[in-house]
Amino acid sequence: MPKPLFFNISDDKRERFLNAARAEFTHKSFMEVSVNTIVKRAGISRGSFYTYFDNLDACFTYIIKDLRDKRFQYAMTLLESCDNNFFTLVRKVFANDYDAFSESGKYSLFKNYIYYLQSNKAGNLKDNMILDLITTLKNKGVDFIDIFDIKSFNINEQEFLDLFEVVLLLMVNTFLKAETEGLDKQTTVSLFNKRIDYIEFGVRKV
């Protein structure tokens, strides 16, 4: 996480730094990113970086948390229109993500974060993002069990967390496929909805 001094600099300087760091972490793997490149992009000294963050890990984690929190905020605005249905919410969030992230490459940022977790922290999305998100909800007085009718899925809490992780991975994979193949929004959203149907309804034809 950032050091206190990071929040004492001007908004413009802070955003310039974050934009430089986001660009690096989006277009390069964690192992390829360097402090020197970030500070050159941001127009600051190398020493300034270490007055803001202890290391690249802390910087990367903060960038992902900031992005995740913004996605969480607009997901919550969609929740009421989804009648608290998890799969309906997921579909709407993905469609909104296309508009918000297709030009900025932020799904490539998520992809790089997943690789980072796997190669550097031996962790997974559930441990490093989902459980953190649930803690954020609880701090706001909201329990995810109350948001979604988990019992209707005939699964327990841990199984729901596994489901959540699978859906996040599917969102990232579908968006990256769209980027690679140059798919338009309608095709991309339709593909994602079809994949989610497999999870929600199963693949067996009746």
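Here, each number is a calculation from the coordinates, and none is a lab measurement. Bear in mind the structure is a predicted one, so any value in this text is a computation, not a measurement. Heads up, the Cβs are rebuilt from the backbone with ideal geometry, glycines too, and the neighbour counts pull from every protein chain shown.
Only DSSP H runs of four or more residues enter the estimate; each adds -39500 (n - 2.57), and after division by the residues of the chain the mean residue ellipticity at 222 nm equals -21500 deg cm²/dmol.
Rounded to the nearest 20 debye, the dipole size of the chain about its Cα centre is 560 debye, using +1 on the Cβ of Lys and Arg and -1 on the Cβ of Asp and Glu. Look at (1) 58, 31, 19; (2) 33, 20, 15; (3) 29, 19, 15: the one that is semi-axes √(5λ) of the Cα gyration tensor in Å derived from this structure is (2). Helices assigned as whole DSSP H runs in the chain whose Cα atoms extend at least 27 Å along their own long axis and whose mean Kyte-Doolittle hydropathy is -0.5 or higher are found at 56-79, 157-181. Candidates PHE25, THR136, SER48 compared by Cα position along the dipole of the chain: farthest toward the positive end lies SER48, with charges placed on Cβ.
Working ranking of peptides 69-76, 179-186 by packing, defined as the average number of other Cβ atoms within 10 Å per residue, highest first, is 69-76, 179-186.
For LYS70, the lysines whose Cα falls under 25 Å of its own Cα, not counting residues fewer than eight places away in the same chain, are LYS3, LYS13, LYS28, LYS92, LYS106, LYS111, LYS121, LYS126, LYS138, LYS140, LYS177, LYS185. Checking every one of the trypsin sites (Lys or Arg not before Pro) in segment 72-179 against DSSP loop status and a limit of 11 other Cβ atoms within 10 Å picks out LYS140. For segment 62-201, the relative contact order is 28 percent, taking Cα pairs closer than 8 Å that sit 6 or more residues apart in sequence and dividing their mean separation by the residue count.
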